[in-house]
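Trainee: Attaching a single structure in structure tokens format; questions to follow.
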Amino acid sequence: MSGPKSISKEKSSMPPASSSDSFLAAPSKPLKPVQGELDLVPPASSPPKKRRSNNAAKPKKKRTQAKKGAEPAAKLNPWRWVAVIGTEILALAASALIGIIAVFGRSVDWFAGTGLWSNLLPFAAMVLAVGIANAVLLRLWLGMRAKLVLKGMILPAILAVFVAVAAGWFAAQEEFGRDLGKLRSLVGGMQEAERNTIAHQVFAAYRRSDLTQMQRIIERAQIYLPTIHEAAKAFDVDPEVMVGIGATESSFYPRDSKDGGRGLFQITAAPKSAVSVVKKHLDVDHLDMLNQRHNTFVAAATLRLYLAEMRGDLFLGLLAYNIGPANGGLRSIMTQYGARDFVTIQPYLQNLPRDYPIRVLTAALAYRLWHTEGRLPRYEEGSNAMHIQSVGIPGLNQGFSPKISIGKDKAA
């Protein structure tokens, strides 16, 4: 037959190929077998299988990577990070503030004076030195902090809290209280100097007081203390100052006096606005000054009115309370004589109203000492003078914030 013969002729006409060429010359595409011809193309080899040892090693690497990735996730918890860093910053800031107050407070005595070269420039140099010292301490802290974080994320915050606790212990000492008072005098200027002058008048009056008689007055006040605290809270005045007013006015013997004073706080002619707001607060149509609750609330409202009128000056407020609204009150007297504060108005007043704020604050100081220590220490014995000064005078060491207007009752 012709078909097979033609194929055999074609094969015989082709040059013989060497064995090496048959191996090197691989077809780029697999040859399709001709119909009727044997398929001589070898089957495609399957990809080699990976060894089990390699496959077994990779899951271990994935597990270790998962463990390593879990640690940073815990460290970068935003709420935990904010709490730890915030605690550290607050503790360090409080410690630095206490240290700066102590340094500046003690420097008041070192650089007191008005000389440029002997006082002002040395003080300015000390301020600069304190700033540099704080910068150096902060740099040292950051260096130490970097090492502590490697051992534990919260270690710097814990150390900062310990530093703040030590600083707080130092701030609780009487010596720091004196440093703070000196710094307040430095910053407060003339106003603070006047306050210190009058404060020492109060301390001197306490020293001259009959402490036995004073303790009896305070003991009689116990039955009225709940009402006093209620009224003081209603009109945002100091309850210890209220105790001092009651001790000075009636010695806590409620009575009618010859000058027209009535009851516990010897109310004479209370301002109409104070009477109106007390009626509204107590929800009554008539106030009885022999009713000690009514009397106490009118006294608290009147004190609040005069404190607001005198812009929070406690001495002037007490003086206005004593003088009352007659003839325009204290404000009219100050305008007439050109007085601007308690120091400048004192020379124009008689002895009784002039000493009234001193006597009130002396009784308030005695009440504070008795309430906190259970006794009235003698001022001149041992270190009692410095201790009593560190206790402070009620109403004198705090600012005034007019939260309540007498024209509008907060509690109504």
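Bear in mind that the values in this text are calculations on the coordinates, not laboratory data. Please read all numbers here as calculations on a predicted model, not as lab measurements. Reconstructed Cβ throughout: ideal geometry from the backbone, glycine too, with neighbour counts over all protein chains shown.
Trainee: Once you order the gyration tensor axes a ≥ b ≥ c over the Cα atoms, which shape class does segment 86-166 get: rounded for a/c under 1.5, otherwise prolate or oblate by comparing a/b with b/c?
Mentor: Since a/c reaches 1.5 and a/b is larger than b/c, the shape of segment 86-166 is classed as prolate.
Trainee: Using alpha carbon centroids, what distance separates segment 191-208 and segment 216-256, in Å?
Mentor: 22 Å
Trainee: Let me ask something else. If you stretched the chain out fully between Arg311 and Asp256, how much longer would it get, using 0.36 nm times the residue separation minus the C-alpha to C-alpha distance?
Mentor: Residue separation times 0.36 nm, minus the Cα-Cα distance, leaves 16.7 nm.
Trainee: When Lys and Arg each count +1 and Asp and Glu each count -1, what net charge do the other residues less than 13 Å away from Ile158, Cβ to Cβ, add up to?
Mentor: So the surrounding residues net to +1.
Trainee: About the Cα centre of segment 269-384, how large is the charge dipole given +1 on each Lys and Arg Cβ and -1 on each Asp and Glu Cβ? Please answer in debye to the nearest 20.
Mentor: 180 debye
Trainee: Modelling each spin label as a point 7 Å along the Cα-to-Cβ direction, I'd like the Leu138/Gln336 distance in nm, to one decimal.
Mentor: Label-label distance for Leu138 and Gln336, simple model: 5.7 nm.
Trainee: Lys233 label point, 7 Å along Cα→Cβ, cut-off 15 Å on backbone N: hits in segment 294-314?
Mentor: Answer for this model: 297.
Trainee: When a footprinting reagent is the concern and you count Cβ atoms within 10 Å, what order do Met242, Met386 take, fewest first?
Mentor: Ranking Met242, Met386 by Cβ neighbours within 10 Å, fewest first, gives Met386, Met242.
Trainee: OK, next. Using a 10 Å cut-off around each Cβ, can you sort Leu330, Leu128 from fewest to most neighbouring Cβ atoms?
Mentor: Going from least to most buried by this count: Leu128, Leu330.
Trainee: If you don't mind, another one. How about segment 250-348: which trypsin sites (Lys or Arg not before Pro) there are in a DSSP loop, with at most 13 other Cβ atoms within 10 Å of their Cβ?
Mentor: Lys258, Arg311, Arg340
Trainee: Need the C-alpha centroid separation for segment 300-338 versus segment 346-392, integer Å.
Mentor: Centre-to-centre (Cα) distance: 22 Å.
Trainee: Long-range amide H contacts for Leu264: which residues qualify at under 5 Å (H placed 1.01 Å from N, peptide plane, sequence gap of 5 or more or a different chain)?
Mentor: So Leu264 has HN proximity to Arg255.
Trainee: For each of Ser257, Ser209, count neighbouring Cβ atoms within 10 Å of the residue's Cβ, then give the residues from fewest to most.
Mentor: Placing the least packed residue first, the sequence is Ser257, Ser209.
Trainee: Next question, about the same structure. Relative to the present Cα-Cα distance, how much length would full extension add between Ile154 and Trp117 at 0.36 nm per residue of separation?
Mentor: Residue separation times 0.36 nm, minus the Cα-Cα distance, leaves 8.5 nm.
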